[in-house]
1. Looking at T142, T153, which one is out of contact with any Pro (no Cβ under 9 Å at 6 or more places or on another chain), under 22 Å from G202 (Cα atoms) and at pLDDT 95 or above?
2. Does D133 satisfy being touching a residue at least 12 places away in the same chain (Cβ under 8 Å), surrounded by 23 or more Cβ atoms within 10 Å (Cβ to Cβ) and not assigned by TED's automatic domain parsing to the domain that holds E273?
3. Which one is surrounded by the most Cβ atoms within 10 Å (Cβ to Cβ), of the residues in the range 15-31 that are in contact with a Lys or Arg (Cβ under 7 Å, 6 or more places away or on another chain) and of a type outside the set (A, V, I, L, M)?
4. Looking at L144, L96, L107 in this structure, which one is within 21 Å of G47 (Cα to Cα) and assigned by TED's automatic domain parsing to the domain that holds T51?
5. What pairs can you find where one residue is in the range 1-12 and under 8 Å from L96 (Cα atoms) and modelled with pLDDT of 95 or more, the other is crowded, with 24+ Cβ neighbours inside 10 Å and among the small types (G, A, S), and their Cβ atoms are less than 7 Å apart, with a gap of 6+ or different chains?
6. Considering the range 252-280 alone, what residues qualify as being of a type in the set (V, I, T) and in contact (Cβ under 8 Å) with a residue 60 or more places away in the chain?
7. Just checking, does the range 155-177 include any residue being loosely packed, with under 14 Cβ neighbours inside 10 Å, basic (K, R) and in contact (Cβ under 8 Å) with a residue 24 or more places away in the chain?
Amino acid sequence: MLVKAFAKINLSLDIVGKREDGYHLLEMVMQNVDLHDDVIIEETEEGIVLTCNKGYVPVDERNIAYKAAKLLMDTKGIERGVSIDITKRIPVAAGLAGGSADAAAVLKGMNVLFNLQMSTEELMEVGLKLGADVPYCIVGGTCLCEGIGEIVTPLKPFSGYSVLLVKPSFGVSTKDAYGSFELDRINKHVDTKKLMKAMEDGDLNGVNYYSRNLLENVVLRRYPILKSIKQMLNRNGSAVTLMSGSGPTIYGIFSDVSDAENAAKVLNRNNNEVILTRTI
């Protein structure tokens, strides 16, 4: 069976605290875009076989999709095997939750394939053991995500907007980005309620004003090229410009698709990976 694994962008990323175990407490508005990996899952006699169209993607227990299959098999006592083939389109180490989306697709697909009849909440509980973005990726759409990612509240859809993703030639480690973040130096947090209201109203000026990603404080300082990408997007008609997740992908939301297409031509240089998509 084929399951589409959709990328996400952060319309906000606020860090509101830190647990004793080191996990950061988050408040994020997340949004799916139409860019997706294809995950084909089939039942086999035994074991886990993972294949991928990108040679640099590991196909063993280092891959979060492989971990998802093993965790579900162990949790539910599945004795038969599974083959997983991933056609990757979402850039890796990009802040777009590509790995988490693949893991969520495996959990949802195996739930159907093996007739496990697990609820969305049960799948999210398993997914959280794999990564903070996996519960959101199971729900998808437009959501407020809180806690360490386990509290997911669907919001009014923010669909149909053109989005230009600009991913430079390097990746950013999520662990390093959060590890360098200093919560006690933050004076201003995200006004999430006002952001959500602007999104509900379709007010892109308001979304731009209230959208914020606190990890930009760390990542943009380390990689000044990202500031340049933001400036170029703004100069070329982007209504909302922000880094997604822990980066390094910078995105622009455009009210006019032709402006987005023109901006893509300008940004498509210096080894940037430029992808035009839309919110769904």
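1. Values: T142 fails: out of contact with any Pro (no Cβ under 9 Å at 6 or more places or on another chain).
None of the others qualify; the one that does is T153.
2. Numbers: touching a residue at least 12 places away in the same chain (Cβ under 8 Å): yes; surrounded by 23 or more Cβ atoms within 10 Å (Cβ to Cβ): yes; not assigned by TED's automatic domain parsing to the domain that holds E273: yes.
Yes: the conditions hold for D133.
3. Taking the range 15-31 and keeping what is in contact with a Lys or Arg (Cβ under 7 Å, 6 or more places away or on another chain), we get 24-25, 30-31.
Filter once more, so that each one left must be of a type outside the set (A, V, I, L, M): 24, 31.
On the way: H24: 17, Q31: 28.
Filtering the range 15-31 for residues that are in contact with a Lys or Arg (Cβ under 7 Å, 6 or more places away or on another chain) and of a type outside the set (A, V, I, L, M), the one surrounded by the most Cβ atoms within 10 Å (Cβ to Cβ) comes out as Q31.
4. Values: L144 fails: within 21 Å of G47 (Cα to Cα); L96 fails: within 21 Å of G47 (Cα to Cα).
L107 is the lone residue from the list that is within 21 Å of G47 (Cα to Cα) and assigned by TED's automatic domain parsing to the domain that holds T51.
5. From the range 1-12, the pairs are A7/A97; A7/G98; A7/A101; K8/A97; I9/S244.
6. In the first step, residues of the range 252-280 are kept if they are of a type in the set (V, I, T); the result is 253, 257, 266, 274-275, 277, 279-280.
Once the filter is applied, which keeps residues that are of a type in the set (V, I, T) and in contact (Cβ under 8 Å) with a residue 60 or more places away in the chain, the range 252-280 yields I253, V257, V274, I275, T277, T279, I280.
7. Within the range 155-177, the first condition is being loosely packed, with under 14 Cβ neighbours inside 10 Å, and the residues that meet it are 156, 160, 169-170, 173, 175-176.
Of the ones still in play, those that are also basic (K, R) are 156, 175.
Subsequent filtering for residues that are in contact (Cβ under 8 Å) with a residue 24 or more places away in the chain retains 156.
Within the range 155-177 (the criterion being loosely packed, with under 14 Cβ neighbours inside 10 Å, basic (K, R) and in contact (Cβ under 8 Å) with a residue 24 or more places away in the chain), the answer is yes, since at least one residue qualifies.
Yes or no, residue by residue, for (1) in contact (Cβ under 8 Å) with a residue 60 or more places away in the chain; (2) outside the structural domain of K193 (by TED's automatic domain parsing); (3) not basic (K, R):
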| site | (1), (2), (3) |
| --- | --- |
| D38 | no, yes, yes |
| A68 | yes, yes, yes |
| I78 | no, yes, yes |
| K88 | no, yes, no |
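The values are calculated or read from the model by the stated rules, or taken from the named source; none is laboratory data. The shown structure was predicted, so the numbers you read here are calculated from the model rather than taken from an experiment. Neighbour counts are summed over all protein chains in view; Cβ atoms, including those assigned to glycine, are modelled from backbone coordinates with ideal geometry.
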